[in-house]
Amino acid sequence: VDLGCGVGRDAVLLASRGWDVVAVDSSVPALEKCTSLARKYAGRNGGRIQTLQVDMRKVPTEQVVEQVVKLANPAQPRLYLGVRFLHRPLLHHLACTAAVGCHVLWSHFMDGCQAWGHPLRERDILLQNELVSSIFSASRGWRTLFSHEGA
């Protein structure tokens, strides 16, 4: 599941490697581009992409995850991916409800990035160790395979 997929570059890459992907974004034009890229590149190795247009900041988190799981049916998602997308309620929900064996791969702007430009709003920036220590923490049953912060 590629959350906040934009035009779907990462979703298409996963599909081109044989994964079935649910690509989620609020932008209809971005999802149309994702579908176009998928037709061009992803189908060669058996992967497919389904798109879901939803504004994850406006729709209750439980509903978003429910819609994603329905599209991923019959299997529970094995990977949640987020690149330059941050919505903390969604991450907290995933940390509590993702199936055993599920992986989360997240890449986002860290505190300190403001010196180089965007994003500037505090709500759009990850704090040091935020994902590992408070959201996907060992106390919640998560194991960190790799973590890198900084340039």
Next on the checklist: If I filter segment 80-108 down to residues being among the small types (Gly, Ala, Ser) and under 16 Å from residue 133 (Cα atoms), which single residue comes out as surrounded by the most Cβ atoms within 10 Å (Cβ to Cβ)?
Outcome noted: 95
Next on the checklist: Return the residues of segment 90-128 that are of a type in the set (Gly, Ala, Ser), assigned to a helix (DSSP H, G or I) and over 23 Å from residue 58 (Cβ atoms); say none if nothing qualifies.
Outcome noted: 115
Item to check | Enumeration of residues in segment 47-69 that are open to solvent by 50 Å² or more (accessible area, probe 1.4 Å) and modelled with pLDDT under 90 | outcome: 48
Checklist entry - Which condition breaks for residue 107 when tested against (1) over 12 Å from the mean Cα position of the chain (by Cα); (2) farther than 16 Å from residue 142 by Cβ? => result (1)
Checklist entry - Can you tell me which residues in segment 110-151 are open to solvent by 70 Å² or more (accessible area, probe 1.4 Å) and aromatic (Phe, Trp, Tyr)? => result 116, 146
Item to check | Of the criteria (1) within 22 Å of residue 131 (Cα to Cα); (2) part of a helix (DSSP H, G or I); (3) among the charged types (D, E, K, R), which one residue 57 fails | outcome: (2)
Next on the checklist: With the requirement that a residue be touching a Phe, Trp or Tyr at 6+ places or on another chain (Cβ under 9 Å), part of a helix (DSSP H, G or I) and either of a type in the set (D, E, K, R) or open to solvent by 40 Å² or more (accessible area, probe 1.4 Å) (or both), what does segment 3-34 give you?
Outcome noted: 13
Next on the checklist: Cβ contacts < 7 Å: first residue within 16 Å of residue 15 (Cα to Cα), restricted to segment 65-87; second residue of a type in the set (Phe, Trp, Tyr) and surrounded by 15 or more Cβ atoms within 10 Å (Cβ to Cβ), any location; separation 6+ or different chain. Result?
Outcome noted: 82/106
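The values are calculated or read from the model by the stated rules, or taken from the named source; none is laboratory data. Computed from a predicted model, the values in this text were never measured in an experiment. Note: ideal-geometry Cβ built from the backbone for every residue, glycine included; neighbour counts use all protein chains shown. In case anyone asks, the SASA skips ligands and DNA or RNA and just uses the protein heavy atoms, side chains included. Shrake-Rupley method; radii C 1.70, N 1.55, O 1.52, S 1.80 Å.
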